[in-house]
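Values quoted throughout were computed directly from the atomic coordinates according to the rules given, and no laboratory measurement underlies them. Here the structure is a predicted model, which is why all the values come from computation and not from measurement. Cβ coordinates were reconstructed from backbone atoms using ideal geometry, including for glycine residues, and neighbour counts include every protein chain displayed.
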Amino acid sequence: MKKFTVIVLLLVTIMAMSLAQAEASTVYKVKSGDTLIEISKEIGVPIEVIIEQNNISNPSNIYVGQRLIIRINIEYPNDQNKYGYYTIKAGDILWNIAQKYNTTVEKLVELNDIKDAYDLYIGRKLLVPLNNNQNVEEENNYYIVQEGDILWNIAQKYNTTVQKLVELNNIKNSYDLYVGRRLILPNTNIDKEEIKVYSYPLYYSYQVQEGDNLVKIADKFGVRMLEIMKANNMLDNINNIQVGSNLIIPLDNSNKFAYVKRYSKLLNNYYRVNADETLTDIAEKFNISEDVLRIINALGSEEKVRYGQKLLMPVSQGFFKKHRIYTVRKDEEYIADIAYENGVNIRSIVQANYLKDLNVKLKKGETIIVTLDEDSKTTWVVNEYN
């Protein structure tokens, strides 16, 4: 009798577990002609979720009869009435959104399962807490612009940078700075958190070679294929890679290139747009695909850049050539002097470090990469006069 009771209990337990699993997932059987895109639309689940949950290494290689398991037990906060949604707009960063809703970057990351910068894109709806809907302005520091003020003086006074003030206050030109305007000053603690996690995503621009496919490229750079697809907006066209085309490779989560990731953080990963300069000019200046620049900076296909705008740039190509990392030792150093000391041409330093022009002067402590390949080398002729 006891044995029978135990068996019944085991059966009940197994059935309960099966029911729980059935409630937590759904199974889709692949039919002839199916693609992940069509399956995604049919069952209403994002294609990246299907790929992740089924550990699909090659999205173009699903087969008839394959069973795709989609887990649907997504947990939301119990007090949903205290939460709302915010749609990300151009120029948004988590720090600003957190300030708007009187919360923290950490809380937004937790609520929305944000793993890296690629999870933050225009149009995405973020779950945001509404239960502490206080006056956010009390949490911030502000400065009222006075007559004669310029951004440099304000930045110096509050131990920050002109660049940071421009970002926080969406300053596009000199007309945006007027007497009486209230400027947001950076909150040091939150600022550091934002920079650490989101401000410097590492993208490498890779030119597709003969025989390449997404699986090979992902393996070469130690990243998930899904990350490459998301970074290049390829979720709707996973087979669209052609020899000679440029792919964005997100290196933040790469299990390779630890050296590149470590030292790239020390370099300048941004470029400030000059007067009358177009995105095409910048792409040609640094030998980068214009499409790559548009994607990593969330620029529309026809959107123009403006004077003073800061553009995120790909990881320097110099890391994949013979090179050295150089940190300025003197109070100030011209890049021409550095080029002379290393026997390379000035333009190679400009291109490898996304510098403004050939006459840049670097400050003590700044770090650059100096390429030492054959294309960079040159012979300097010095004329000595008595």
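One table, with the values for the structure above:
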| item | result |
| --- | --- |
| Of 89/164; 100/164; 100/265; 89/321, pairs whose Cα-Cα distance is over 26 Å | 100/265; 89/321 |
| Mean Cβ count within 10 Å, highest first, over the residues of peptides 268-281, 313-326, 359-372 | 313-326, 359-372, 268-281 |
